[in-house]
Amino acid sequence: MLQAMVAASERVFEFLEEKEEIEDVKQAKSIKDLQGNVTFDHVQFGYSENKIVINDFSANVKDGQKIAIVGPTGAGKTTMVKLLMRFYDVNKGAILIDGINIKDFKREDLRKMFGMVLQDTWLFGGSIKDNIKYSKPDATDAEVIEAAKVAHVHHFIKTIPNSYDMILNEESSNISAGQKQLLTIARVILLDPKILILDEATSSIDTRTEIQIQAAMDNLMKGRTSFIIAHRLSTIKNADLILVMNHGDIVEQGTHEQLLAKNGFYSELYNSQFEEVEE
C-alpha cells in the first residue's frame, strides 16, 4: 500500500507543478447559431515532436452526418476526439466548425457544443434525477422526464421504488450496466448538443439491453453531427463516412460499401470480425 501511495503521490505532485493553461483568445467567437459542420484541414499532430501520430488528415463533415472512426487498438481513434475538444492543439493545419477555427472559441464554449457518451459510464451518489440533470442543472422535471423517454429509460425508472428520486449509491451498483448507459444517454439528450461523440460500448451488455441502447443512441443522433468510435463494425454500416485508422494515420475513408469494394485494410478488419463469429 505504501509503494502504491508513493507512486500515486509522485504523479499528483507532478501534475500540480504543471503550468496553468492560459486562455489566449482575445475576441472569442460565439457558438450561438452554429450548425455543427466540421472541417479537418491538413491536420498534423503528435504527442511529442519526434512522434507524429496523425500525419496529414483532411475531411469535410456536414452537420447531421454520422462519422465512424474505426481501427485496431492504439490506432489513434480517441486522439481525434481529444483534438476536436482541444484537450490538445494540432501541430499543423486546422480544425474548423462552421468555417471558424476552434482556436478562436473559448475552450469552455467549444466544449459546450459537444455531448459525450463514453465507454465508461459515470454516475455519482445521488438521485437519478440529479444524475440526469448534471448536464443542465436548471432543467425542469418535465425536461428530465422527456429526456428519459427519448433515452428509453423512463419505463425502468417508473418501476423502481421512489422513481426519479431513487438514490444511487457511490458505485452505482444498485442498477445494471445497461441502465447506467441509458441514464448517461438521457443526460446528453437533456444537454441537446450540436455535436456528439459516442464511444459505443455495449460489449458487456445483454442483447435485449443492447437493442434498447442502440435505439436510444439513434434517437440521440437525429439531426446532430456524430463521431462514433466503433468497436464492432457491424454497428456502423449506415455511417455517412468511415475513417479507418492504423498507426495514427487515416489509411482509408469512405462509406461501408466503398471500403469493402476497395478490398483493403477495412475489408480485412470487417471480414476478420465475422470470421471470429463463424468460428
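Readers should treat all values here as calculations from the given coordinates under stated rules, not as data from a laboratory. Fair warning: this is a prediction, and the values are worked out from it, not measured in the lab. As a convention, Cβ positions derive from the backbone with ideal geometry for all residues, glycine included, and neighbour counts pool all protein chains shown.
Restricting region 100-187 to GluC sites (Glu not before Pro) that sit in a DSSP loop and have at most 12 other Cβ atoms within 10 Å of their own Cβ leaves 170, 171. Taking the Cβ-Cβ separation of residue 52 and residue 219 as r and a Förster radius of 35 Å, what is the calculated FRET efficiency to the nearest 0.05? The pair residue 52/residue 219 has a calculated efficiency of 0.35. Farthest toward the positive end of the dipole of the chain, out of 253, 265, 238, is the Cα of 238, where the dipole comes from beta carbon charges about the Cα centre.
Inter-label distance, residue 120 to residue 238: 3.2 nm, where each label sits 7 Å from its Cα along the C-beta direction. Placing R0 at 41 angstrom, the Cβ-Cβ distance between residue 10 and residue 149 gives a FRET efficiency of 0.30 after rounding to 0.05.
How big is the Rg/Rh ratio for the chain, C-alpha atoms only, Rh by Kirkwood, two decimals? If you can, show how the numbers build up before the last one.
Working: Rg = 20.3 Å, Rh = 20.6 Å.
Here the Rg-to-Rh quotient is 0.98.
Starting from the Cα-Cα distance between residue 18 and residue 92, subtract it from 0.36 nm times their residue separation and give me the gain in nm to one decimal. Could you put the intermediate results ahead of the total?
On the way: separation 74, 0.36 × 74 = 26.64 nm, distance 2.40 nm.
Result: 24.2 nm gained on full extension.
Our estimate of slack between residue 41 and residue 159, defined as 0.36 nm per intervening residue step minus the Cα-Cα distance, is 37.5 nm. Inter-label distance, residue 27 to residue 136: 3.2 nm, where each label sits 7 Å from its Cα along the C-beta direction.
In the chain, the DSSP-assigned H stretches of four residues or longer account for a calculated mean residue ellipticity at 222 nm of -11000 deg cm²/dmol, using -39500 (n - 2.57) per stretch and the full residue count as denominator.
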